[in-house]
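Chemist: My structure is below; once you've seen it, I'll send some questions.
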């Protein structure tokens, strides 16, 4: 974007469209778009929730959805940020809907099995799966998001790290610690 104003020139919008097309064919090319808009999206969300940790979580969700839906992005001659801000707005609205009721974790059996493989448990695997759903509700939002990205969305640690603002090794360590926490919670329920 032009440093002289907040409005993009026609040439800047065209250059951005080229970058989006690259990102549509190779998700690693999304990084320049992420770097360009992360701070602005973060500020936009922070103004609506006034909680830095929650803002970081919602911002991560915005960019995850943007990456997941990038193939469906349609160029309309406006900056890519307009699409990101719309996703961010929807995520903030969704957050406020969710806080009025208990969060529900929707997962299928194969996703649960993948997570169960990482959890130490001494009893029957079928009992583990039943307990696992209850235990996921005990996790903090950012812990649950990390588990969702890794085991339910099946994202590599590299992408998880970029989405959550961590290093790749930190994402691995945090995931390991969360699975250990789940193991402890589950085994205490025996």
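Chemist: Restricting attention to the stretch 121-137, and to residues there that are exposed (fewer than 12 other Cβ atoms within 10 Å of the Cβ) and either outside the structural domain of residue 152 (by TED's automatic domain parsing) or assigned to a loop (DSSP other than H, G, I, E, B) (or both), which single residue is modelled with the highest pLDDT?
Modeler: My answer is 137.
Chemist: Give the stretch 62-80 a look and list any residue that's surrounded by 12 or more Cβ atoms within 10 Å (Cβ to Cβ) and either touching a strand residue (DSSP E or B) at 6+ places or on another chain (Cβ under 9 Å) or at pLDDT below 80 (or both), or say none.
Modeler: 79
Chemist: So, residue 162, is that one closer than 19 Å to residue 62 by Cα, at pLDDT below 70 and either in contact with a helix residue (DSSP H, G or I) (Cβ under 7 Å, 6 or more places away or on another chain) or outside any helix (DSSP H, G or I) (or both) or not? Spell out the reasoning first.
Modeler: On the way: closer than 19 Å to residue 62 by Cα: yes; at pLDDT below 70: yes; either in contact with a helix residue (DSSP H, G or I) (Cβ under 7 Å, 6 or more places away or on another chain) or outside any helix (DSSP H, G or I) (or both): yes.
Yes, satisfied.
Chemist: Looking at (1) surrounded by 12 or more Cβ atoms within 10 Å (Cβ to Cβ); (2) modelled with pLDDT of 70 or more; (3) closer than 13 Å to residue 151 by Cβ, find the lone condition where residue 92 falls short.
Modeler: Only one criterion in (1) surrounded by 12 or more Cβ atoms within 10 Å (Cβ to Cβ); (2) modelled with pLDDT of 70 or more; (3) closer than 13 Å to residue 151 by Cβ is unmet by residue 92, namely (3).
Chemist: Return only the number of the condition from (1) assigned to a loop (DSSP other than H, G, I, E, B); (2) at pLDDT 75 or above; (3) surrounded by 13 or more Cβ atoms within 10 Å (Cβ to Cβ) that residue 105 does not satisfy.
Modeler: If we test residue 105 against (1) assigned to a loop (DSSP other than H, G, I, E, B); (2) at pLDDT 75 or above; (3) surrounded by 13 or more Cβ atoms within 10 Å (Cβ to Cβ), just (2) comes out false.
The values are calculated or read from the model by the stated rules, or taken from the named source; none is laboratory data. As the structure is a computational prediction, the values presented were derived from the model and not from experiment. Methodologically, a virtual Cβ is constructed for each residue, glycine included, from the backbone with ideal geometry; neighbour enumeration extends over all protein chains shown.
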